[in-house]
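Worksheet: one structure, shown below.
Every number here is computed from the coordinates shown, using simple stated rules; none is lab data. Nothing here was measured: the structure is a model prediction, and the numbers come from that model. All Cβ positions, glycine included, derive from the backbone under ideal geometry; neighbour counts span all protein chains shown.
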Amino acid sequence: MRIALVTEEFLPSDVPAARVTREIVGGLVDGGHDVTVFAAGRGQASFRGARIFWASRMTSVGAVREAMTLARPDVCHLVDPHRLGIKAAEAAGRLGIPTVVLDPKAWMPGVDLDHHHPGLRDQGLHDRWARVHSPDGGQLVVGHAGPLEKKKVVQRLANVAGLPGVRLVVLGDGPGAKALRTAGAKVIPHATGLERARCIATFDVLVQPRKKEVYAPAVHEALASGVPVVAFDGGTAADVLTHELNGLLVDTDRGGKAFARAVARLGASPDLRFNLAANARPSIAHRSWHEAVAELLEVHYPAAASGRTTAAIS
């Protein structure tokens with residue numbers, strides 16, 4: 001099958017949509033499919049065997065249509081349907097190419113279960129983060145993985161960093177990094193690959209402080225690593241989290257203080273935290289990237305190509 005994937009950010013971005021798109025590309029190319037990525041920005045001409053068409057804000061619908069004509073996709077999947085996605089949808093429509101926009105409640109991204117697992121936990125690193133040899137040692141290591149751009153997200157993380165007995169470790173960068181360092185957090189701006197996986201597995205808890213998130217790969221990676229998660233119940237994290245089974249869910253109508261209290265609860269309840277951690281990997285073990293990409297190929301793409309409609313496709 002020939003597939004066009006459209007995303008606002010791709011390389012080298014670490015935002016969730018870019019990371020999900022890269023995983024889809026890998027799965028499709030490994031399966032022998034022809035893939036063209038339409039992405040905003042500029043950069044290398046290909047990725048893992050997939051061609052890349054880079055677009056700017058000034059790129060016209062006509063230019064996108066010409067590139068899509070050359071790619072000749074059987075289906076156009078808008079992974080991150082924003083500015084470029086609108087142009088790509090119009091171009092695909094003019095060419096008669098079926099367009100897929102998946103509701104995150106209808107399709108769940110996967111996780112690399114071989115790359116993320118509890119065996120990567122580094123106790124020595126954990127003890128350094130927890131400051132076990134200092135007078136206030138034995139701190140709960142609470143992690144976050146993602147960009148530090150939105151003020152409300154940074155404030156919620158700062159509330160967590162301010163909890164007694166908690167050490168916040170952030171994998172990410174952005175305008176909020178300085179404020180979090182001031183609040184006592186350790187910020188690791190460019191953790192990638194094995195280092196990133198090792199860090200996530202070394203957390204005691206991972207927090208997802210965004211109330212609305214279309215993709216939350218770090219949540220899947222934490223669960224695969226045996227790490228429980230605290231998140232709001234309004235985003236896609238709620239699709240993989242069951243309250244008090246593999247994490248804690250906070251009512252979206254409540255704010256940062258309620259979120260911080262949920263984290264504090266885990267700090268005060270080692271038995272609960274242990275039980276959540278024990279349930280974490282089994283709760284996500286059924287959803288590898290192989291299964292997630294297979295669902296696209298076997299269900300969603302054929303439905304679009306044949307003209308059938310489902311709740312997952314628009």
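Separation of segment 194-209 and segment 226-296 by C-alpha centroid, Å?
13
Restricting the count to DSSP beta bridges whose residues both fall in segment 21-156, what percent are antiparallel, rounded to a multiple of 5? All intermediate terms of the calculation are to be shown ahead of the outcome.
Values: 2 of 9 bridges.
Around 20 percent antiparallel, to the nearest 5.
Where Lys and Arg each count +1 and Asp and Glu each count -1, what net charge lies around Ala185 among other residues with Cβ under 11 Å from its Cβ?
Local net charge: +4.
Would you mind classifying the chain by shape? Square roots of the alpha carbon gyration tensor eigenvalues, ordered a ≥ b ≥ c; an a/c under 1.5 is rounded, otherwise it is prolate if a/b is larger than b/c and oblate if not.
Prolate, since a/c reaches 1.5 and a/b exceeds b/c.
May I ask for the longest run of the chain untouched by trypsin sites (Lys or Arg not before Pro) that are loop-located per DSSP and have at most 13 neighbouring C-beta atoms (other than their own) within 10 Å?
106-211
Under 20 Å Cα-Cα from Lys151, which lysines qualify once same-chain neighbours fewer than 8 residues away are excluded?
Cα-Cα hits under 20 Å: Lys178, Lys186, Lys211, Lys212, Lys257.
Which value at 222 nm does the chain reach when only helices count, each DSSP H run of 4 or more adding -39,500 (n - 2.57), with the total divided by all residues and rounded to the nearest 500 deg cm²/dmol?
Estimated from H runs of four or more residues: -11500 deg cm²/dmol.
With a sphere of radius 13 Å drawn around the Cβ of Leu102, what net charge do the other residues whose Cβ falls strictly inside it have (Lys, Arg +1; Asp, Glu -1)? Can you show the working numbers first?
On the way: positive: Lys105; negative: Asp80, Asp103, Asp239, Glu295.
In short, -3.
Taking a quarter of the surface of the convex hull around the Cα atoms of segment 1-156, what do you get in nm²?
For segment 1-156, the mean projected area of the Cα convex hull comes to 12.4 nm².
Could you give the longest part of the chain that holds none of the GluC sites (Glu not before Pro) found in DSSP loops with at most 15 neighbouring Cβ atoms within 10 Å?
1-148
Say each of Met1 and Gln155 gets a label point 7 Å from the Cα, pointing the same way as Cα to Cβ; how far apart are those two points in nm?
It is 4.3 nm.
Separation of segment 126-171 and segment 1-39 by C-alpha centroid, Å?
Going from one Cα centre to the other spans 32 Å.
Would you kindly state how much longer the chain becomes between Arg131 and Arg198 on full extension, computed as 0.36 nm times their sequence separation minus their alpha carbon distance, in nm to one decimal?
Working: separation 67, 0.36 × 67 = 24.12 nm, distance 1.82 nm.
Once the chain is fully extended between Arg131 and Arg198, it gains 22.3 nm.
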